[in-house]
Each structure stands twice: as structure tokens, then as C-alpha cells.
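The values are calculated or read from the model by the stated rules, or taken from the named source; none is laboratory data. Computed from a predicted model, the values in this text were never measured in an experiment. All Cβ positions, glycine included, derive from the backbone under ideal geometry; neighbour counts span all protein chains shown. For the accessible areas, the whole protein counts, side chains as well, though only heavy atoms, and no ligand, DNA or RNA atoms are used. Shrake-Rupley method; radii C 1.70, N 1.55, O 1.52, S 1.80 Å.
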Amino acid sequence: MTEIEVPGPEADWQPATQPPYYTGKNPAHQYSVWEHFAPLFQMIGVLALPVQPVAQRLRLHVERSWDGLDGLDVVLFGLKGFSFAISKHDGNPLGVSCVWLTQPHKEADKALDTLLNMVGIGEEAVTFRGDPRKDQPERPSTTQDAACPAEASHAAPATSLWAKLRRTIAIPSATRQRPRRSRLTQSR
């Protein structure tokens, strides 16, 4: 069999993962598996702890991935009839992770409660319940809005899911105090 040689990239082609996409000479645009499927997921909440303690408790393997924003840690798993993903972007505030259902479900609150129960943590570990794409937190605009990392660094447009999420989890609710550290993060 004859060996086939593939030529190297053209000198003026930018990496296919490098934003802004479609503005350079490279005809390819690469996206991650996470970037492809996450829009199909149903976000059900935000935990006040990173992915690793939850993964350790359930003996899950944390995968390292990336998307158009930055790198991320993610675990995908099934638990008591629900299909979950827990993710943490490098650019999100330290110590928080997003909880998703990989198959939308009408009983999202029950799913989050099931996860909390199986992991052995309480409601104090939940920073936000719901989906920032749909559920708008009723919070007055404060000077803390400007302190949100995404807004300060202009890392995400103000209307993007990530900007809404970062704004949601960075500002304490007027009706609920900021969650205390959970037992999982205290043991570290």
C-alpha cells in the first residue's frame, strides 16, 4: 500500500480553535464536544463548590474539555433515573459549578434534590436553582454588578448565558444569604 502524505497547514491559517472564528484564513472551525451538546442541556442550578468533591464522592472521573470561552472540568453521569452533567469553566468564580440535566426533565427540582441527597450535602450548597437562560433572578442592580468577573473583563457579552450566569452567582440574593461552605469543601 502506498503511503499518503498530507501537507501541513498553510502558513497564514490560524489555529481552528482560536476566536474570533471565521475571521482568519483557516477554513476549519473546531468546536468541542461540550460546546456542541451543552446548549441542549437543561441547567438546573449552581453549586457553591467545584466539580472535584462531587466527583470524588460518587467516584466519577473528571474530564478536562474546552469551548469558545475557556477550559472546563466536567462530569457526565446517571443517578436515580436522572442524567446529569456538572461543569466548571476556568473563568467562572472559584468554588462554583453548574448542574445540568443532559436530558430535559419536568422535575428539575427533584433531580437537584436527588443529587444533593446522594452527594450528602444540603440546600446551603445551592447558590442558584433554575436556568439563567429562562429564570431571571429578581435582584436590584447594585454596585456589585460591576465587580462581576465576566463584566469587568468583558469575557462574555452581557446577553450571553455565561454573563447571565456569572452575574447571577456573583451577586448575593437580597432574600437569601450567601451559602456557607459545604462539608465537602470544608474537608479539603
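Of all residues in the range 75-94, how many are in a loop (DSSP other than H, G, I, E, B) and surrounded by 15 or more Cβ atoms within 10 Å (Cβ to Cβ)?
Start the filter on the range 75-94 by keeping residues that are in a loop (DSSP other than H, G, I, E, B), which leaves 80-81, 90-94.
From what is left, the residues that are surrounded by 15 or more Cβ atoms within 10 Å (Cβ to Cβ) are 91-93.
Going through the range 75-94 one residue at a time, the tally reaches 3.
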Residues of the range 106-116 being basic (Lys, Arg) and either open to solvent by less than 20 Å² (accessible area, probe 1.4 Å) or modelled with pLDDT under 95 (or both), in sequence order, are Lys106
Residue that is modelled with the highest pLDDT [pool: residues in the range 27-66 that are in a loop (DSSP other than H, G, I, E, B) and within 18 Å of Leu112 (Cβ to Cβ)] | Leu60
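Does the range 16-26 hold any residues that are at pLDDT 85 or above and open to solvent by less than 100 Å² (accessible area, probe 1.4 Å), and which are they? Working first, answer last.
Residues of the range 16-26 at pLDDT 85 or above: 25-26.
The one that is at pLDDT 85 or above and open to solvent by less than 100 Å² (accessible area, probe 1.4 Å): Asn26.
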Flag for Leu72 being open to solvent by less than 90 Å² (accessible area, probe 1.4 Å) and assigned to a loop (DSSP other than H, G, I, E, B) = no
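Have a look at Val99, Val119, Val126 and point out the one that is surrounded by 14 or more Cβ atoms within 10 Å (Cβ to Cβ), touching a residue at least 12 places away in the same chain (Cβ under 8 Å) and within 15 Å of Trp34 (Cβ to Cβ).
Details: Val119 fails: within 15 Å of Trp34 (Cβ to Cβ); Val126 fails: within 15 Å of Trp34 (Cβ to Cβ).
It is Val99.
Please pick out the residue among Arg188, Arg139, Arg178 that is modelled with pLDDT under 50, more than 19 Å from the chain's Cα centre (by Cα) and closer than 17 Å to Ala55 by Cβ.
On the way: Arg139 fails: closer than 17 Å to Ala55 by Cβ; Arg178 fails: closer than 17 Å to Ala55 by Cβ.
None of the others qualify; the one that does is Arg188.
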When the range 42-63 is checked residue by residue, the ones that are under 12 Å from the mean Cα position of the chain (by Cα) and open to solvent by 10 Å² or more (accessible area, probe 1.4 Å) are Gln42, Pro50
